[in-house]
Each structure stands twice: as C-alpha cells, then as structure tokens.
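**Q** Following this message is one structure expressed as structure tokens.
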Amino acid sequence: MSGLTERFCQNVKFICKDKGIKISDLEKKIGVSKGYISRLKQGTKEIGLFKAYKIANILGCNLNDLIESETWKDARIKELQKELDELMKEANK
C-alpha cells in the first residue's frame with residue numbers, strides 16, 4: 001500500500017471517530033460494501049477519485065484533509081494545543 005493510501009485511511013478513520021461516524025455507516029453512504037475502508041488500508045482495493053471526493057464530502061472536509069502528509073489527528077492535536085496555550089495565557093493574566 002502506498003503512503004498516500006495509508007494516510008487517507010488513517011485520516012478517514014480519525015475523522016469518523018472525531019465526528020462520531022461509524023466506518024460501516026460511511027461505507028453505506030458512499031455505496032460500497034462493508035469492509036471497503038479496511039481493504040483499502042490492506043492494499044487489496046484501490047480508491048478512485050470520485051469515491052475519495054464522495055468520502056471527503058460526507059465527512060465535511062476536502063480531499064486535501066484526507067491526503068496531506070500531516071494526519072488529521074496530528075493537525076487536530078496542534079489546534080487543540082494552541083487553544084490550550086491561549087487559555088493558559090488568559091488564565092495567567
């Protein structure tokens with residue numbers, strides 16, 4: 001499996017978890033069989049651009065969010081850390 005596909009799958013799974021969406025529900029919404037995302041990650045299935053776009057649309061993000069080298073989880077952690085730092089600064093005033 002390519003690094004791109006691996007990042008895509010990691011980001012899809014994290015965004016689903018972050019938004020409370022079950023992978024099986026996502027698979028139903030995009031019209032694929034159960035286990036599709038797992039097969040992508042295993043490298044036994046390839047994803048087309050249309051399905052990738054459809055997944056991004058359902059998750060409320062763009063394709064870049066799903067394929068960037070920095071995972072969605074890492075970006076979210078940085079965002080939350082920044083918010084926490086700002087709150088700590090406010091509290092220490």
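**Q** Pairs needed: first member in the range 1-25, small (G, A, S); second member anywhere, at pLDDT 85 or above; C-beta distance under 6 Å; at least 6 residues apart or different chains.
**A** As it stands, the answer is S24/K34, since those pairs meet every condition given.
**Q** Another question, then. What number of residues within the range 45-61 satisfy the criterion of being outside any helix (DSSP H, G or I) and over 15 Å from the mean Cα position of the chain (by Cα)?
**A** 3
**Q** Moving on to the next point. Which count do you get for residues in the range 22-44 that are surrounded by fewer than 17 Cβ atoms within 10 Å (Cβ to Cβ) and either in a loop (DSSP other than H, G, I, E, B) or touching a Phe, Trp or Tyr at 6+ places or on another chain (Cβ under 7 Å) (or both)?
**A** Total meeting the criteria: 7.
**Q** When the residues of the range 62-93 are narrowed to those that are in a loop (DSSP other than H, G, I, E, B) and either among the β-branched types (V, I, T) or under 11 Å from N11 (Cβ atoms) (or both), which ends up most open to solvent (accessible area, probe 1.4 Å)?
**A** Within the range 62-93, the match that is most open to solvent (accessible area, probe 1.4 Å) is S69.
The values are calculated or read from the model by the stated rules, or taken from the named source; none is laboratory data. Everything numeric here is computed off the predicted structure, so don't read it as measured data. Positions of Cβ are backbone-derived with ideal geometry, glycine not excepted, and every protein chain shown enters the neighbour counts. The area values use the complete protein model at the heavy-atom level, side chains included, leaving out ligands, DNA and RNA. Shrake-Rupley method; radii C 1.70, N 1.55, O 1.52, S 1.80 Å.
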